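Comments concern the structure below.
The values are calculated or read from the model by the stated rules, or taken from the named source; none is laboratory data. Note that the structure is predicted; figures quoted are calculated from it, not measured. FYI the Cβ positions are ideal-geometry reconstructions off the backbone, even for glycines, and counts take in every protein chain you see.
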Amino acid sequence: MVTDLSAQSSLVSVWMRELRDVQIQKDRARFRRNIERIGQVAAYEISRELTYQDEEIQTPLAPAMTRTLASQPVLATILRAGLPLYQGLLSYFDDADSAFIGAYRRHAADGSFDVAQGYMASPAIAGRTLIVADPMLATGASMVQALETLMEFDKPAQMHVVSVVASPEGIATLERHFPNAHIWTAAIDSGLNAEKYILPGLGDAGDLSFGEKRQH
C-alpha cells in the first residue's frame with residue numbers, strides 16, 4: 001500500500017516546495033526542519049494504524065480512563081541522509097526503540113553503482129511495528145538491502161517505510177520484495193534519470209542536510 005501525503009492540499013505541499021527550491025535549499029537548517037516536519041506528519045498518520053489499549057491513570061482530581069500504545073515501534077533509518085526524517089518520527093514516537101544502518105552508493109568508473117553497507121545496530125523487532133525512514137526512495141535497492149539486514153534474525157508484525165520523495169521504480173522494487181510494507185511518501189515523482197536519481201527530485205538530501213561528502 002502506498003500513501004502519498006501530498007495527494008491532498010496541505011502544509012506538506014508547502015514544505016515540499018521549499019525543499020525543492022534551489023534558493024531555499026541554501027538554508028540548511030530550514031531544509032532539515034522541513035524534512036523533520038514531514039516525518040512528524042507521517043508519524044501521526046502511522047499512529048492511527050497501530051494498536052492501543054485502555055489504561056486507568058490518576059489525575060489530581062479523579063481517576064481517568066486513557067489509551068496508550070499496546071507496544072512501542074522500532075524506528076530505523078539509513079545513515080546519514082535519513083537522520084532529519086528519523087528525528088521527525090522520533091519526536092512523536094518518543095519512547096520508541098531505534099535501529100541504525102550505514103549504507104551508501106558506491107560508484108564505479110562506468111557510472112554503475114552498488115549499495116555498500118557496513119554498519120547495523122538494531123533492537124529485537126520480532127512481532128513489533130518497524131518504521132524505516134529514508135528521504136529518497138529512488139531505485140529501492142538501499143531500502144531493500146536495509147530491510148533484509150534488519151530482518152535477518154526476526155520479522156516484524158507491521159512494516160512502514162517513510163520517504164520524502166519516491167519514484168515509481170523504487171516503489172515497484174519495494175512492493176516486489178516486501179508486498180506487505182506500507183509506503184508513506186510526501187511526493188511521487190516522474191521517474192529516474194540515467195544516473196538513477198529521482199526527477200525532478202530535490203538533489204542529494206544528505207549533502208543538503210549536512211554538507212557535501214567526498215565521493216567513494
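Those residues that are charged (D, E, K, R) and part of a strand (DSSP E or B), I need them from segment 42-59; list them, please. Break it down stepwise before answering.
First, the residues of segment 42-59 that are charged (D, E, K, R): 45, 48-49, 54-56.
Listed by number, the residues that qualify are 54, 55, 56.
Considering each of 172, 205 in turn, give the residue that is hydrophobic (A, V, I, L, M, F, W, C) and either in contact with a His (Cβ under 7 Å, 6 or more places away or on another chain) or farther than 14 Å from residue 134 by Cβ (or both). Don't jump to the end; show me each part of the working.
Values: 205 fails: either in contact with a His (Cβ under 7 Å, 6 or more places away or on another chain) or farther than 14 Å from residue 134 by Cβ (or both).
The unique qualifying residue is 172.
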**Q.** Hits in segment 1-25 (condition: charged (D, E, K, R) and either under 18 Å from the mean Cα position of the chain (by Cα) or modelled with pLDDT under 95 (or both))
**A.** 4, 20
**Q.** Considering residues of segment 74-83 that are touching a residue at least 60 places away in the same chain (Cβ under 8 Å) and surrounded by 24 or more Cβ atoms within 10 Å (Cβ to Cβ) only, the residue nearest to residue 51 (Cα to Cα)
**A.** 76
Q: Kindly establish whether residue 62 is over 26 Å from residue 136 (Cα atoms) and at pLDDT 95 or above.
A: yes
Q | Selection within segment 117-147 - surrounded by fewer than 23 Cβ atoms within 10 Å (Cβ to Cβ) and either of a type in the set (Val, Ile, Thr) or free of Cβ contacts under 8 Å to residues at least 24 places away in the same chain (or both) | A | 118, 121, 125, 139, 144
